[in-house]
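Any read-out appearing in this document is the output of simple, stated calculations on the displayed coordinates, not a laboratory observation. Note that the coordinates shown come from a computational prediction; the quantities given were computed from them, not determined experimentally. All Cβ positions, even for glycine, are placed from backbone atoms using ideal geometry, and neighbour counts span all protein chains on display.
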Amino acid sequence: MLKPVRFVPAGTKIRFVDKRRLAFALSAIILLSSVFCLTSLGLNFGIDFRGGILMEIRGSGEVNIPQIRDKLSTLGLGEVSIQEFGKKTDALIRIQRQDGAEKEQMAAIKKVKDRLGDIFDYRRTEFVGPTVGAELKEAGIIAVCLALLSILIYIWLRFEWQFSLGAIVALSHDIFSTIGLFALLQYEFNLATVAAILTIAGYSINDTVVVYDRVRENLRKYRQLELSEVFNMSINETLSRTMMTSVTTLLALCSIYFFGGEVLADFALAMIWGVCIGTYSSIFIAVPILLYVKLKRGEGDYSGLQVPEDER
Amino acid sequence: MLQFPAWKMTLVVAVCLIGILYAVPNFLKTEFGANLPNFAPGKRVSLGLDLQGGSYLLLKVDLDVVIKEYLEEISMEVRKKLRKARVGYSKLGSTGASVVVNIRQEKDFAKSKKLLDDVDPNCEIIFDANGSVKITPREDALNERKLLALQQSIEIVRRRIDETGVREPTIQRQGTDRILVQLPGVDDPERIKALLGQTAKMVFRLVDMSKSVSEAVTGRVPSGSELLAPLVESAGDPALYLVKKRVMVSGEHLIDAQATFQDGQPVVSFRFDTSGSKRFGKVTSENVNRPFAIILDNKVISAPVIREPILGGSGIISGSFTVKTANDLALLLRAGALPAPLTVLEERTVGPGLGFDSIEAGKLASVIGLCLVIVFMVIAYGLFGIFANVALFFNIVIILGALSALQATLTLPGIAGIVLTIGMAVDANVLIFERIREEVLLGRTPISAIDAGYKRALTTIIDSNLTTLFAAICLYSFGSGPIKGFAVTLAIGILTSMFTSIMLTRFLIVLWLRGKRPNSVPI
């Protein structure tokens, strides 16, 4: 019979919680750079939110991008970006939102098609008007907030409020740094990105809940043990599971990234980052932060739950 | 642990079998599916437009126009009543959401109050001491009009699209003023957009012969007439027409229109209903040898001279038509006029090539992702990894079956959702197996360790899955089209994976325990 391989040996005792200051510093750097990227570079909103036109075309041979650019530059459509998309035969054309109402946008699509002619296969044409763009933006923000809120309430009901605070801090950390990454890389921020962020939220909280479950269990079991000891023990006990699930999810995501086609690649990339940061934050942020909230230990037992001397 | 009640076994086997039954049609050739007996579920997963190719259009109905028309109707009625009673008035017109008029003389105040009180039962009417009258339609009356216009618009859009021969279009109302149109297989919606972009209100009006067009352009346009541009500018026709405002016959009375040929030229023939025929006959009898303008959306198609009375109720529209424009006009007239103009708010069109490529890429990514996870699970958990893999396989089968049975739409992000579920579905098993390992280390016997592993891991599994489910629900409520598809597969995947990774693996492990009676757990 196959002998199972233990990737995390039994009895592993890594003192994660002791490294919390380093982790907090690292996270502070990540978050500050996210703020910096967001304010200085801003997000590269896709047409879903900004409104505008996107066309994916395929030529019979290699597409000559400078030639297409020349052809379209005389149409007076404002900012037009053209880039190769996945293959040498494919190109993606992005056209900024045209002045005026929806009618002008429609006219622009027609102009481009007329100018480029039938030598191209129009694989995809997307147009989002200014009205819908604004609505999608609003809906996206509401959805993310709603997801955070419902998770917060659920954790609050299942655990004590202190846990729900820690979970939300960790979760916001993951979401914020993902948005920061998109600003840094100037990747297109579109509907799929919002979907990725919500899924990251789901994944990250999933990870945190598993560790918290163990923390709660151990808090009841070892009432006399110091908090940081309990935390270290809980993280180590769930470490094998955390790693296993991260790896299987990453395997699936890498498969989407490399084989799932160009459209899903950005989505997969956001998710890969999300899984990594989500795993990191459950261990290094979500649990250590419990040291700083007044955690209740068992019924009426408040002994030994103070913040350690050196942390006050 | 060894007790696994018979009903649970039956349930596990039944769910897996039903899953297979519903999933199988997706792997059969279409011809084969047609020959299945009736009781067999023959439905396949319905593919979103981004996978099968097609066009998604979100249209807005400009309902302000409807309200404007309503107010115009009211002011016309007011004018008629006041004139009939010889009441002097001024400043009749509409401001925002009401019609206002000034009664000139104080002696007419009481009289006009009586007259206008019943101008429209759905209006609020306010008279003030200075003789100014404000008529405001009630909110519910306005809403009723708007709703009616929206419903009519949907009907007309449906008729127009049906006429173009698109297979299985979906036309749905969205919100209070929007229409969602989904056209599978349409990769160039330009023609449909052009057809939907016209209200296609056709009217017949007399040409004003009292002045020439050039006089009207330089001088004053006679009241009751207006200058209109031609629909198609061509060399032979005048650049403008001076046409009387009064509508003689309107397009509502048309019952048929067809594109045909007359003297080798494409024309459109039409036929009126009985009342339309009567009016058309009367007008043409009274105006022989005068030009009669045929007007579409305030543009003149042509203005032929009436040679003789047309009493049969049918006629021909000639103009600068090509075969295509004649066909389109006939189609628009047959389908009827839209009560209000439509604008395209959002368009997403995917060609069949990209759709096919996306499906292929999705399949490849799923298979490779699945293989990687399967291999990894066997390496990490050995025999138990195989149990988890069987559960994973059935999980995917049940997801496919559920998607087919519910006829939920599978989109490209939806495929990503399935692949992601492959990665996350094993999580429950990982939790259970890790727990079993711990219990074994504590010195429990195999059966008790496995039992404890399942029991202890359960709350954690439920907690962690429910939170992901919340995220999926938020995603569903926010998302449009493709993103909704992602949320659906993710949610279905969470539910099915909880079933397969808890119940099914347990079932397999019980069978194994009963058969082998092992002394140690190979985990």
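Using only atoms on other chains, find how many Cβ atoms lie within 10 Å of each Cβ of peptide B:423-434 and report the average.
Numbers: counts 15, 9, 3, 5, 10, 1, 3, 9, 6, 1, 4, 10.
Across B:423-434, the average partner-chain Cβ count within 10 Å equals 6.
Taking neighbour counts of Cβ atoms within 10 Å as a proxy for exposure, in what order, fewest first, do B:Y241, A:Y257, A:Y203 appear?
Ascending Cβ contact count within 10 Å gives the list A:Y257, B:Y241, A:Y203.
Hey, which lysines would be in cross-link range of B:K211, C-alpha to C-alpha under 18 Å, not counting anything within fewer than 8 residues on its own chain?
Within the straight-line cut-off, B:K211 pairs with B:K244, B:K245.
All other residues with a Cβ under 12 Å from the Cβ of A:C276 taken together, and with Lys, Arg as +1 and Asp, Glu as -1, what is their net charge? Write down the numbers at each step before the final one.
Values: positive: none; negative: A:D174, A:D207.
That sum, taken over residues with Cβ under 12 Å, equals -2.
In nm², what is the average projected area of the convex hull enclosing the Cα atoms of segment B:64-142?
On the way: hull surface 18.7 nm².
If I average the Cα hull's projected area over directions, I get 4.7 nm².
Any idea what angle helix A:161-185 forms with the longest principal axis of chain A, computed on alpha-carbon atoms, 0 to 90 degrees, nearest 10?
Tilt relative to chain A: about 30 degrees.
To test your reading of the geometry: what angle, between 0 and 90 degrees and rounded to tens, separates the Cα axis of helix B:139-164 from the longest principal axis of chain B?
On a 0 to 90 degree scale, this one is about 80.
B:K80: which aspartates and glutamates have alpha carbons under 15 Å from its alpha carbon, excluding same-chain residues fewer than 8 sequence positions away?
Filter leaves B:E72, B:D117, B:D118, B:D120.
What nm value, rounded to one decimal, do you get for the distance between B:I316 and B:S234 when each label is placed 7 Å out toward the C-beta?
1.4 nm
Considering only DSSP states other than H, G, I, E and B, which trypsin sites (Lys or Arg not before Pro) in segment A:213-274 qualify as loop sites with at most 14 other Cβ atoms within 10 Å? All intermediate terms of the calculation are to be shown ahead of the outcome.
On the way: sites: A:R214, A:R216, A:R220, A:K221, A:R223, A:R241; in loops: A:R223.
In loop regions of segment A:213-274 (DSSP not H, G, I, E or B), the sparsely surrounded trypsin sites (Lys or Arg not before Pro) are A:R223.
Quick one: which of A:K110/B:K484; B:K8/B:K516; B:K84/B:K201 span more than 26 angstrom between C-alpha atoms? Show your work: numbers first, answer last.
Values: A:K110/B:K484 29 Å; B:K8/B:K516 21 Å; B:K84/B:K201 30 Å.
Long pairs (Cα-Cα over 26 Å): A:K110/B:K484; B:K84/B:K201.
Extending each Cα 7 Å along its Cβ direction at B:E139 and B:T325, get the distance between those two points in nm, one decimal.
My value for the distance between the label points is 4.7 nm.
Classify chain B as rounded, prolate or oblate from the Cα gyration tensor: take a ≥ b ≥ c as the square roots of its eigenvalues, call it rounded if a/c is under 1.5, otherwise prolate when a/b beats b/c and oblate if not.
Taking the square roots of the gyration eigenvalues as a ≥ b ≥ c, chain B is prolate.
Compute the Cα gyration tensor for segment B:202-322, then decide on rounded, prolate or oblate, letting a ≥ b ≥ c be the square roots of its eigenvalues: rounded whenever a/c is under 1.5, prolate when a/b is larger than b/c in the other cases, and oblate in all that remain. Let's see the in-between values first.
Working: a/c = 1.95, a/b = 1.33, b/c = 1.47.
Oblate, because a/c is 1.5 or more while a/b does not exceed b/c.
So if I take the centroid of the Cα atoms in segment B:200-239 and the same for segment A:7-29, what is the distance between those two points in Å?
83 Å
What ranking, highest mean first, results for peptides B:403-416, A:148-161, B:56-69 when packing means the other Cβ atoms within 10 Å averaged over each residue? Please report the intermediate quantities before stating the final value.
Details: B:403-416: 23.4, A:148-161: 17.1, B:56-69: 19.6.
Final packing ranking: B:403-416, B:56-69, A:148-161.
Under the definition of Cα pairs under 8 Å and six or more residues apart, what whole-number percent is the relative contact order of chain B? Display every interim value, and only then the final one.
Working: 876 pairs, mean separation 101.4, N = 523.
Reported relative contact order: 19 percent.
Can you tally the net charge around B:Y22? Count Lys and Arg as +1, Asp and Glu as -1, for every other residue whose Cβ sits under 13 Å from the Cβ of B:Y22.
On the way: positive: B:K43, B:R44; negative: none.
So the surrounding residues net to +2.
Would you list A:I119, A:I205, B:I125, B:I432 from fewest to most Cβ contacts within 10 Å?
On the way: A:I119 10, A:I205 32, B:I125 16, B:I432 27.
So the ranking, lowest neighbour count to highest, is A:I119, B:I125, B:I432, A:I205.
For peptide A:138-147, how many partner chain Cβ atoms fall within 10 Å of a residue's Cβ, on average? List each step's numbers first, then the result.
Details: counts 1, 4, 3, 1, 3, 10, 4, 1, 7, 9.
The shielding value for this peptide is 4.
Tell me the angle of helix B:505-516 to the major Cα principal axis of chain B, expressed in degrees between 0 and 90 and rounded to the nearest ten.
Between helix and principal axis, roughly 20 degrees.
Would you tally the net charge around B:I255, using a Cβ to Cβ cut-off of less than 13 Å, leaving B:I255 out, and scoring K and R as +1, D and E as -1?
Taking every Cβ under 13 Å from that of B:I255, the sum is -1.
Need one word for the protein assembly as shown: rounded, prolate or oblate. Basis is the Cα gyration tensor (sqrt eigenvalues a ≥ b ≥ c); a/c below 1.5 gives rounded, then a/b vs b/c decides.
Details: a/c = 2.56, a/b = 2.10, b/c = 1.22.
Taking the square roots of the gyration eigenvalues as a ≥ b ≥ c, the protein assembly as shown is prolate.
If I take every Cα pair under 8 Å that is 6 or more residues apart in chain A, average their sequence separation and divide by the length, what percent do I get for the relative contact order? If you can, show how the numbers build up before the last one.
On the way: 406 pairs, mean separation 75.5, N = 312.
Value for chain A: 24 percent.
Can you tell me how much longer the chain between B:R307 and B:L511 gets when fully stretched, taken as 0.36 nm per residue apart minus their C-alpha distance, in nm with one decimal? Please report the intermediate quantities before stating the final value.
Values: separation 204, 0.36 × 204 = 73.44 nm, distance 9.40 nm.
Result for the pair: 64.0 nm of gain on full extension.
Shielding by partners for A:105-112, please: the mean number of other protein chain Cβ atoms within 10 Å of each residue's Cβ.
Values: counts 5, 7, 0, 0, 6, 3, 0, 0.
The per-residue average across the peptide is 3.
Please list, or write none, the aspartates and glutamates whose alpha carbon is within less than 15 Å of the alpha carbon of A:K19, excluding same-chain residues fewer than 8 places away.
A:E229, A:D310, A:E311
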